Every structure is written in structure tokens, then in C-alpha cells.
Amino acid sequence: MGIIGGEINMRHDLIALKSIEINAEPSRVWDVLTDPKIISEYLYGTETITDWKVESEIIFQGEFKGQKYRDMGVIKDNILHELLI
């Protein structure tokens, strides 16, 4: 990341990966990760917008402590109850 002409130039080639073991049925974990109503509960009212199809856009947006935010990404892979990237 650097500043060019007064604008922040961010790297877009960085990827963060994390894995954990969860003691729950895959279908329940899947619901928690993909159901917008449940996502809103653990992400402080975040609105999730996507159709969950590969190559579709995903948007997380809302307001937190008076600050509006909008984070965007792309669904890279989606295998029901197995993989979501």
C-alpha cells in the first residue's frame, strides 16, 4: 500500500485464509455462513447481498457506531455444505 497523488493505492493481490474446527453439523454451519438473517445477528446488523453463485458479487453493508460501511467481494467457489470461498 502506498500513497500516489494523494490517494491510497491498496494491493488487491492479498488473500487471508483461516480454518477452524467447529463441532456442528455441516448444514448448520452452512446456514450460519449463508443466511442473511443469521449473518446480521453476528455481524451487528450487516446486510448481506448476494445470490451465492460462483463469480457473483457479495456485499456486506451497514452502519457501525455511526460509520457507514460497504465491503465487497466475489464468490470464488461454492459447494453446498462443503466449501465457500
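The values are calculated or read from the model by the stated rules, or taken from the named source; none is laboratory data. Source: prediction; values computed, not measured. Here Cβ is always computed from backbone atoms with ideal geometry, including for glycine, and neighbour counts include all displayed protein chains.
Give me the residue from the range 43-76 that is in a loop (DSSP other than H, G, I, E, B) and over 13 Å from the mean Cα position of the chain (by Cα) and, out of that set, nearest to His12 (Cα to Cα).
Looking only at the range 43-76, we keep the residues that are in a loop (DSSP other than H, G, I, E, B), and these are 43-46, 50-56, 65-66, 75-76.
Pick out the ones that are also over 13 Å from the mean Cα position of the chain (by Cα) and you get 44-45, 53-55, 65-66.
Values: Tyr44: 26, Gly45: 27, Lys53: 22, Val54: 19, Glu55: 17, Lys65: 27, Gly66: 27 Å.
Restricting to residues being in a loop (DSSP other than H, G, I, E, B) and over 13 Å from the mean Cα position of the chain (by Cα), the top hit is Glu55.
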Quiz item: Of (1) in contact with a strand residue (DSSP E or B) (Cβ under 7 Å, 6 or more places away or on another chain); (2) surrounded by 11 or more Cβ atoms within 10 Å (Cβ to Cβ), Asp35 satisfies all except one. Which?
Solution: (1)
Exercise. Could you tell me which residue of the range 2-42 is modelled with the highest pLDDT, considering only residues that are in a strand (DSSP E or B) and under 25 Å from Glu63 (Cα atoms)?
Key: Asn9
Quiz prompt | When residues of the range 56-85 are limited to those that are over 24 Å from Ser27 (Cβ atoms) and of a type in the set (D, E, K, R), the one surrounded by the fewest Cβ atoms within 10 Å (Cβ to Cβ) | solution = Lys65
